[in-house]
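Below is one structure, written out as structure tokens; comments come after it.
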Amino acid sequence: MSQAPINQGNSKNLKPIDLKVGNCSGAKFYIRETNSGPLLRKEFKGNIKKLKDQFQWLEEHGEFPFIPKVSNPIESLDSFSYEMPYYEKAKNAHECLDEINDKTFSQILESIESLKKEKDEVTVDEINYYLKHKLDKKLRQCFQNQKSRKITDNNIILGKEYPSIAELTQELNSHRNILKYGKNSEIHGDLTLENILIESGKPLFIDPNGENTISTIEVELAKLFQSLNSSYEDLSIGKIKLEEVLSLNEHHFFTQLKEYIRSNYGDSGLLRVYFHELIHLARLLPYKQINLGHQYHDFLDLFIIRSNQFLKMVKE
Ligand SMILES: Nc1ncnc2c1ncn2[C@@H]1O[C@H](COP(=O)(O)OP(=O)(O)OP(=O)(O)O)[C@@H](O)[C@H]1O
Ligand SMILES: [Mg+2]
């Protein structure tokens, strides 16, 4: 791997490009024209581990047609970057959701399935660690930072009363056995619609995240729930309010996704995906609290409402 001088970054002679992205990780993008077409360099300054792991994952999975070929990594003490083809005409699946047809959506699901390489069973220790660190701790962290709301207070959302976060998380923890079934698999780990590019009707998976304590297929599919059930992308940029999210008609791809899960992983698989969607929502809350304005409260309220719905579903 080539070394760039410390503190200089490694893209200073390249043309920056604003990809007008909503959920900002702080990555920067640059274009380099080459004889075989434009390349996009993705660079992150600061904690380089995440982008480095991302590059390695993409490189290791480059044999799949739906994984872009990455190249030319440059590492320095405080920055990491790599290149991949720049798909000028592509849009991410969130941007072009209305243009995606059933065939393309099925291809997304088939790609997830072909990536999946089942490994060992999820262990009780992994589940305990996962719930402690990605659910309980993240929520407690939010309430330590915010004085206006207490973790033990009941919640009134849009005129309706809901249990406190303390009560909800305790109840969720009491149903931890739901997560027990399933095998750790090879997953992308952050497959929201924004991380799927649609290029000539075909999906390409970008921006993977290997940092999931549990890596089951349900963890993967729950990211699609985040986009299709919880309007994650639009909620993050304040394009939509919580009230609208709750009044939206179910998207036909969400219906298709649930049918797919039911027929491949059964009703228990579907329940696990709903559970993981809650954990995905919870684990991003401290980040949303720091980086967003009132949208953070919408995310917190959505977590409460979805948890309440889930717990009702479990009792049925
Ligand atoms: N190779 C590419 N060709 C075309 N567009 C791309 C490419 N890579 C990324 N994009 C666009 O840029 C967006 C952000 O890219 P990516 O998901 O890699 O970054 P990120 O880590 O999520 O950064 P940010 O948080 O700033 O979005 C994607 O949703 C997509 O719209
Ligand atoms: Mg992304």
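Select from region 22-51 the residues that are at pLDDT 90 or above and within 16 Å of ligand 2 (Cβ to nearest atom) and list them in ascending order. Walk me through how you get there before you give the answer.
Here is the first cut: in region 22-51, the residues at pLDDT 90 or above are 27-46, 48-51.
Within region 22-51, Ala27, Lys28, Phe29, Leu40, Arg41, Lys42, Glu43, Phe44, Lys50, Leu51 meet the criteria.
Looking at region 268-282, is at least one residue among the hydroxyl-bearing types (Ser, Thr, Tyr), in contact (Cβ under 8 Å) with a residue 40 or more places away in the chain and farther than 19 Å from Glu110 by Cα?
Among the residues of region 268-282, at least one is among the hydroxyl-bearing types (Ser, Thr, Tyr), in contact (Cβ under 8 Å) with a residue 40 or more places away in the chain and farther than 19 Å from Glu110 by Cα, which makes the answer yes.
Please go through (1) among the hydrophobic types (A, V, I, L, M, F, W, C); (2) crowded, with 17+ Cβ neighbours inside 10 Å; (3) part of a loop (DSSP other than H, G, I, E, B) for Ile151 and return the number of the only condition it doesn't satisfy.
Answer for Ile151: the failing condition is (2).
Please find, among Tyr232, Tyr181, the residue that is modelled with pLDDT under 95, touching a helix residue (DSSP H, G or I) at 6+ places or on another chain (Cβ under 7 Å) and over 27 Å from Gln54 (Cβ atoms).
Working: Tyr232 fails: over 27 Å from Gln54 (Cβ atoms).
Tyr181 is the lone residue from the list that is modelled with pLDDT under 95, touching a helix residue (DSSP H, G or I) at 6+ places or on another chain (Cβ under 7 Å) and over 27 Å from Gln54 (Cβ atoms).
Looking only at region 26-43, filter to residues that are in a loop (DSSP other than H, G, I, E, B) and more than 7 Å from ligand 1 (Cβ to nearest atom); which one of those is surrounded by the most Cβ atoms within 10 Å (Cβ to Cβ)?
Step one: filter region 26-43 for residues in a loop (DSSP other than H, G, I, E, B), giving 26-27, 33-38.
Those still in the list that are more than 7 Å from ligand 1 (Cβ to nearest atom) too: 33-38.
Details: Glu33: 11, Thr34: 10, Asn35: 4, Ser36: 7, Gly37: 10, Pro38: 15.
Restricting to residues being in a loop (DSSP other than H, G, I, E, B) and more than 7 Å from ligand 1 (Cβ to nearest atom), the top hit is Pro38.
Could you tell me whether any residue of region 202-225 is of a type in the set (Phe, Trp, Tyr) and surrounded by fewer than 17 Cβ atoms within 10 Å (Cβ to Cβ)? Steps first, please.
Let us first name the residues in region 202-225 that are of a type in the set (Phe, Trp, Tyr), namely 205, 225.
In the following step, the residues that additionally are surrounded by fewer than 17 Cβ atoms within 10 Å (Cβ to Cβ) were identified as none.
No, that holds for no residue.
Would you point out the residue of region 61-98, among those that are β-branched (Val, Ile, Thr) and in a loop (DSSP other than H, G, I, E, B), that is farthest from Glu194 (Cα to Cα)?
At the first step, the residues of region 61-98 found to be β-branched (Val, Ile, Thr) are 67, 70, 74.
Retained after the next criterion (residues that are in a loop (DSSP other than H, G, I, E, B)): 67, 70.
Values: Ile67: 15, Val70: 19 Å.
Ranking the candidates gives Val70 first.
If I go through region 162-182 residue by residue, how many of them are more than 15 Å from Leu135 (Cα to Cα) and assigned to a loop (DSSP other than H, G, I, E, B)?
Residues in region 162-182 being more than 15 Å from Leu135 (Cα to Cα) and assigned to a loop (DSSP other than H, G, I, E, B): 3 in total.
Going residue by residue through region 294-313, is there one that turns out to be under 19 Å from Ser185 (Cβ atoms) and in the same structural domain as Ile127 (by TED's automatic domain parsing)?
Looking through region 294-313, none of the residues is under 19 Å from Ser185 (Cβ atoms) and in the same structural domain as Ile127 (by TED's automatic domain parsing).
Give the residues of region 235-248 that are outside any loop (DSSP other than H, G, I, E, B) and touching a residue at least 24 places away in the same chain (Cβ under 8 Å), sorted by residue number.
First, the residues of region 235-248 that are outside any loop (DSSP other than H, G, I, E, B): 235-236, 242-247.
Of everything in region 235-248, those that are outside any loop (DSSP other than H, G, I, E, B) and touching a residue at least 24 places away in the same chain (Cβ under 8 Å) turn out to be Leu235, Ser236, Leu242, Glu243, Val245, Leu246.
Just checking, which of Phe55, Phe80, Phe66 is of a type in the set (Phe, Trp, Tyr), out of contact with any Leu (no Cβ under 9 Å at 6 or more places or on another chain) and not assigned by TED's automatic domain parsing to the domain that holds Leu197? Working first, answer last.
Details: Phe80 fails: out of contact with any Leu (no Cβ under 9 Å at 6 or more places or on another chain); Phe66 fails: out of contact with any Leu (no Cβ under 9 Å at 6 or more places or on another chain).
Within the list Phe55, Phe80, Phe66, the selection yields Phe55.
What's the total number of residues in region 249-291 that are buried (at least 18 other Cβ atoms within 10 Å of the Cβ) and outside any helix (DSSP H, G or I)?
Going through region 249-291 one residue at a time, the tally reaches 1.
Just to check your reading of the model, which residue among Ile100, Ile157 is more than 16 Å from ligand 2 (Cβ to nearest atom), over 24 Å from Phe299 (Cβ atoms), β-branched (Val, Ile, Thr) and at pLDDT 95 or above? Give the steps one after another, and end with the answer.
On the way: Ile157 fails: over 24 Å from Phe299 (Cβ atoms).
Selected residue: Ile100, the only one of Ile100, Ile157 that is more than 16 Å from ligand 2 (Cβ to nearest atom), over 24 Å from Phe299 (Cβ atoms), β-branched (Val, Ile, Thr) and at pLDDT 95 or above.
The values are calculated or read from the model by the stated rules, or taken from the named source; none is laboratory data. Small disclaimer: the values here were computed from a predicted structure and weren't measured. Counting neighbours? That spans all protein chains shown, and the Cβs are built from the backbone with ideal geometry, glycine included.
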